[in-house]
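What follows draws every value from the coordinates through simple rules; no lab data is involved. Predicted model only: the values in this text are computed from it and were never measured. Positions of Cβ are generated from backbone atoms using ideal geometry, with glycine treated the same way; all protein chains shown enter the neighbour counts.
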Amino acid sequence: MSRKSLVDKSLSATLVHGILICYSILALWPIFLVVSNSFKSRKGIFNDPMAVPTAETFSTIGFDKVLGRSNFDVYFLNSITVTVMTLGITLLIGAMAAWALAGYKYRLNTLLAFYLAIGIMVPIRLGTVSILKLVVAMGLMNSLTALILVYIAMSLPLTIFILNEFMQQIPNDLKEAARCDGVSEYRIFFQIILPLTKPAIATVGVFTMVPVWNDLWFPLILTADDSVRTVTLGVQQFVGQYVTDWNSVLASLTLAIVPVFILYIIFSRQLIRGITAGAVK
Amino acid sequence: MADMKLEGIYKSYGDVEVLHGVDIDIVDGEFVVFVGPSGCGKSTLLRMIAGLEDISGGDISIAGEIVNNTPPAKRGIAMVFQSYALYPHMSVRKNMAFGLSIAKLGKAEINNRVDAAANKLQLTELMDRRPAQLSGGQRQRVAIGRAIVREPRVFLFDEPLSNLDAALRVNTRLEIAKLHQDLKNTVIYVTHDQVEAMTLADKIVVMNDGNVEQIGSPMDLYHRPANLFVAGFIGSPKMNFLSGSVSGVDGDNVTLSHGVTLNRPGHSCASGDAITLGVRPEHLQASGSDLSGSVDVVERLGDVSYIYLILPDGERLVIAEPGTTEVAAGDQAGCGLDVTRVHLFDGNGQVIG
């Protein structure tokens, strides 16, 4: 390789890294502010919001309030229940639907795939009023089930779309070899197709999890009751019309990061494993 | 026993019929090769035998039992795919054992069978590797091993050598032949390569366009091709075809416009009929004067030389001369026809006599 193109290459690499580092700082800055300020006293927060906690300003008053005086543990459990249930059911049903579309040829196949993909284009929040009516009619108001159902509906289209694309890459011979081996269709799905689509499932898992965990809209409408509030809704009680309890808000937001972070680590490991498994080929 | 019978097999996809009534009898232990150009329906037929494609018409029976609606695993077959179709996320051992564990065999039995197959195929050292860590030839052997452990009545091979390089192909071909001598199972083998067909088969089924053109032993097809297609497909280089007409008929003897007279008892030729004369390059003598023309190209391979002639009427002719020829491009050369080794085909491409 000539000297010039080498220089060009390292230059463009520096440029790319520079842009990515800038973006990372931009994206992580608010999170850094939330976490660092959550460990400061009220005075510390307002005197110098950008400063890291010092011996003088360090305080866990926010965490004390959140854990001691509110139902935060309940909110937390609600959020985890809703997210995990949604994730599990979406991935299972989504993967099965995607496999049905990718692995079997029948009439209406394309039409069905298109119908399922429409959900990606239409924002589910447009249907809020109808969803509210539906939930009321089913008697599911103020229940986690309502949230889970809505989130599954919200996540399925993209899940099916992505997994379908991915599963079409799996050679047909593999399925047929398994049939010759006497493997039932369900086992083909669970023991051959699913393991091979792990990286895609991990990706979709992350895409599904984050919006569900962060959502405020549907809890606000469907689960106003204190016992079924999620974290995002629970935080709102510290945000007053006139006074906001910043210690508590920041502390609960910091706590809310933890479970998503853990779930993300689990999935991203799978993701990396999937990528490297393909790379050594 | 695993005699197999295909009777009037039809296959259509929608309105398109791709197999038009195929009848084949296979005797237990036979090595049968389906050969034909791509798109002739040979793979489809194999997949129908395997149970991976529906049968649009006709019956397939194995050991006297019609298996049209039997699922693949219950037919007593094992298939080796062109792409090997190994499970990428399983080790070699698991790949071979997977089907057996599905069939709920005991652990000891599974291990016995897998180890025996691994031994036979020299896979013992590779048992813990993933398919991605194997070479093409090794993957091929694993795929064969996965078939062997099932102890099937019939092995099905779908172009198993076409993803291997030339040297490995010859080796693997020999291994498959040896394997068949060992196991003595019925084998059905699909290929588009006539050399594989000639070297491996007890019985060759030549297919074209969804029809069976001829069934017979390799030497049958070589010496007595039933029609122009088989004559042209079997043998390398290809058989020479010279079109012409019948110039005279005298009892059993037919005289052609090329100036040769052939004895064809029972022929129904009349003077003036269009015919095609077929003669293999190796059956033409470079010395002689039955046909002559100018030499276009000469290929010398050491053991044999191919002389490409252009006849006065523009037709091309290949002569295979043993050894190294003296003839050079641009020369005028003639060749001798051995009338006992000439094939005669009528206007519809069917052999005469």
With angles folded into 0 to 90 degrees, how steeply does helix A:198-214 sit against the dominant principal axis of chain A? Use alpha carbons for both and round to 10. 30
Sorted by packing (mean other beta-carbon atoms within 10 Å per residue), highest first, where do B:340-349, B:232-241 land? B:232-241, B:340-349
Partner shielding of B:122-133, as the mean number of partner chain Cβ atoms within 10 Å, equals 1
Here the whole-number average of other chain Cβ atoms within 10 Å per Cβ of B:82-93 is 4
Relative contact order (%) - criterion: Cα under 8 Å, at least six apart; region: the stretch A:63-279: 33
For B:Gly57, the residues 5 or more places away or on another chain with a placed amide H closer than 5 Å to its own amide H are B:Tyr10
If amide hydrogens are placed 1.01 Å from N in the peptide plane, which non-local residues have theirs closer than 5 Å to the one on B:Phe31? B:Val187, B:Asp202, B:Lys203
For the stretch B:237-345 the mean separation of alpha carbon contacts under 8 Å (6+ apart) over residue count, i.e. relative contact order in percent, is 28
Once amide H atoms are built 1.01 Å from N in the peptide plane, which residues 5 or more positions from B:Gln82, or in another chain, come under 5 Å H to H? B:Asp158
Per-residue average of Cβ from other chains inside 10 Å of B:144-153: 1
Suppose R0 equals 60 Å; then what is the FRET efficiency for B:Val339 and B:Arg129 from their Cβ-Cβ distance, rounded to the nearest 0.05? 0.50
About its Cα centre, what dipole magnitude does chain B give when the only charges are +1 on Lys and Arg Cβ and -1 on Asp and Glu Cβ, stated in debye to the nearest 20? 2040
Counting pairs of alpha carbon atoms under 8 Å apart in space and at least six apart in sequence, what relative contact order in percent does the stretch B:1-150 give? 21
So if R0 is 41 Å, what FRET efficiency would A:Tyr186 and A:Met141 give, r being the distance between their Cβ atoms, rounded to the nearest 0.05? 0.70
If packing is taken as the average count of other Cβ atoms within 10 Å, what order do A:91-101, B:151-161, A:16-26 fall into, highest mean first? B:151-161, A:91-101, A:16-26
Summing -39500 (n - 2.57) over the DSSP H runs of n ≥ 4 in chain B and dividing by its residue number, what mean residue ellipticity at 222 nm do you reach, to the nearest 500 deg cm²/dmol? -7000 deg cm²/dmol
Per residue of the stretch B:221-230, what does 6.51 cos²θ - 1.76 cosθ + 1.60 with θ = phi - 60° give for ³J(HN,Hα)? Whole Hz please, x for Gly and Pro, Karplus curve as stated. 5, 6, 8, 10, x, 7, 7, 4, 4, 5
On Cα atoms only, tilt of A:109-121 relative to the major axis of chain A in degrees: 10
Set B:Lys74/B:Lys94; B:Lys11/B:Lys120; A:Lys175/A:Lys198; B:Lys42/B:Lys178; A:Lys105/B:Lys203 screened for pairs whose C-alpha atoms are more than 27 Å apart: B:Lys11/B:Lys120; A:Lys105/B:Lys203
What is the angle, in °, between the Cα long axis of helix A:3-38 and the longest principal axis of the Cα atoms in chain A? Nearest 10 is fine, range 0 to 90. 50
